[in-house]
Amino acid sequence: MKKQFIEAEEAKQKVFEFVPKKFPIVISNVASGFISSQEGKASDFKLSELVAKQSGIAELQRREVESKVEAEALEKLKEIEEKAYKEAYQLGLIEGTEKAYTDYKEEFREKIESLDQLLKTFEGLKVELIEKNELQILQLLQLMASKIATDHVELNKDVIIKVIRKVIEDAQTEEDVIIKVSTEDYVFLESLRERQDKIVDFLKRVKIEPIDDIRSGGCILETTYGAIDSRLEQRLDKVWEAIESKMPRVNKDFFQKNETNDSSDEGKN
């Protein structure tokens, strides 16, 4: 049997390329409605693969699945990006804090040491000021106490009665006694005598004289044996003499040492 072959040139003229006919998938409204009705429902009803393809339902289902997969992928990607951002932010925050701590640690240490030295200097300066100004401080306190005592006496007129009673007790006599008081206290005592107030019964045999040089709250008691000065100023002086005797003395060596150091510093400059 003789086989017949077609030459290449002749084949180009006689043989045609086979192109299968395409059947485009047309998605009907019915298919779209069916897919919509099945969303979110559990059903045992299943379409055959051939029917699903021919009706376009398979294409709709494929698109739906692709949309869901794409949405889930985007959501997951968003979560990963947010997590990565937070972790990077925290890491950067930690690294930044550590770097700042390292950079400023030495500076903070130096400042703390300087502050500590400054506090020690202030403490030493306080002691030095007290020691150098002990007398002035004491005098200031004395003036303040005198002012307070004077104001107290002026507000409490009956103070003079207690003072006179104490002076008479110290004198241990009531005969030929003359009590010299301020003009204000004299008027006050005489008013009590006129009213025969029992509080001044101990003054019945005592002569009272007003003296302009005596301040309220003080008096001078005179007897045939001598006088007792109980003026307010004298009483305050006695109090301060007692306080001064208990006060620590100024450290002379301290001042001499500081004066020597000051002189040396001036010579260097």
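Suppose the filter is in a strand (DSSP E or B) and at pLDDT 80 or above; does Ile199 pass it? I'd like the intermediate steps shown before the answer.
Values: in a strand (DSSP E or B): no; at pLDDT 80 or above: yes.
Answer is no for this residue.
Would you be able to tell me the number of residues in the range 138-152 that are without any contact (Cβ under 8 Å) to a residue 24 or more places away in the chain and either surrounded by 13 or more Cβ atoms within 10 Å (Cβ to Cβ) or not in a helix (DSSP H, G or I) (or both)?
0
Can you give me the number of residues within the range 105-122 that are hydroxyl-bearing (Ser, Thr, Tyr) and within 23 Å of the chain's Cα centre (by Cα)?
So the count comes out to 1.
Determine, yes or no, whether Glu175 is assigned to a helix (DSSP H, G or I), over 15 Å from Leu232 (Cβ atoms) and more than 58 Å from the chain's Cα centre (by Cα). Don't jump to the end; show me each part of the working.
Values: assigned to a helix (DSSP H, G or I): no; over 15 Å from Leu232 (Cβ atoms): yes; more than 58 Å from the chain's Cα centre (by Cα): yes.
Against the criterion (assigned to a helix (DSSP H, G or I), over 15 Å from Leu232 (Cβ atoms) and more than 58 Å from the chain's Cα centre (by Cα)), Glu175 does not qualify.
Can you say whether Lys126 is more than 25 Å from Gly226 (Cα to Cα), of a type in the set (D, E, K, R) and either modelled with pLDDT of 80 or more or surrounded by 11 or more Cβ atoms within 10 Å (Cβ to Cβ) (or both), as far as the supplied structure shows?
Values: more than 25 Å from Gly226 (Cα to Cα): yes; of a type in the set (D, E, K, R): yes; either modelled with pLDDT of 80 or more or surrounded by 11 or more Cβ atoms within 10 Å (Cβ to Cβ) (or both): no.
Judged against the criteria, Lys126 is not a match.
Tell me which of these Ser114 doesn't satisfy, since it passes every other one: (1) surrounded by 13 or more Cβ atoms within 10 Å (Cβ to Cβ); (2) more than 19 Å from Arg215 (Cα to Cα); (3) of a type in the set (Ser, Thr, Tyr).
(1)
Return the total of residues in the range 153-171 being surrounded by fewer than 16 Cβ atoms within 10 Å (Cβ to Cβ) and either under 18 Å from Leu221 (Cβ atoms) or at pLDDT 75 or above (or both). If you could, list the steps in order and put the result at the bottom.
First, the residues of the range 153-171 that are surrounded by fewer than 16 Cβ atoms within 10 Å (Cβ to Cβ): 154-156, 158, 162, 165-166, 169-170.
Subset that is either under 18 Å from Leu221 (Cβ atoms) or at pLDDT 75 or above (or both): 156, 158, 162, 165-166, 169-170.
Count: 7.
The values are calculated or read from the model by the stated rules, or taken from the named source; none is laboratory data. Note that this is a predicted model, so its numbers are computed, not measured. Note that we place each Cβ from the backbone using ideal geometry, even for glycine, and neighbour counts take in every protein chain shown.
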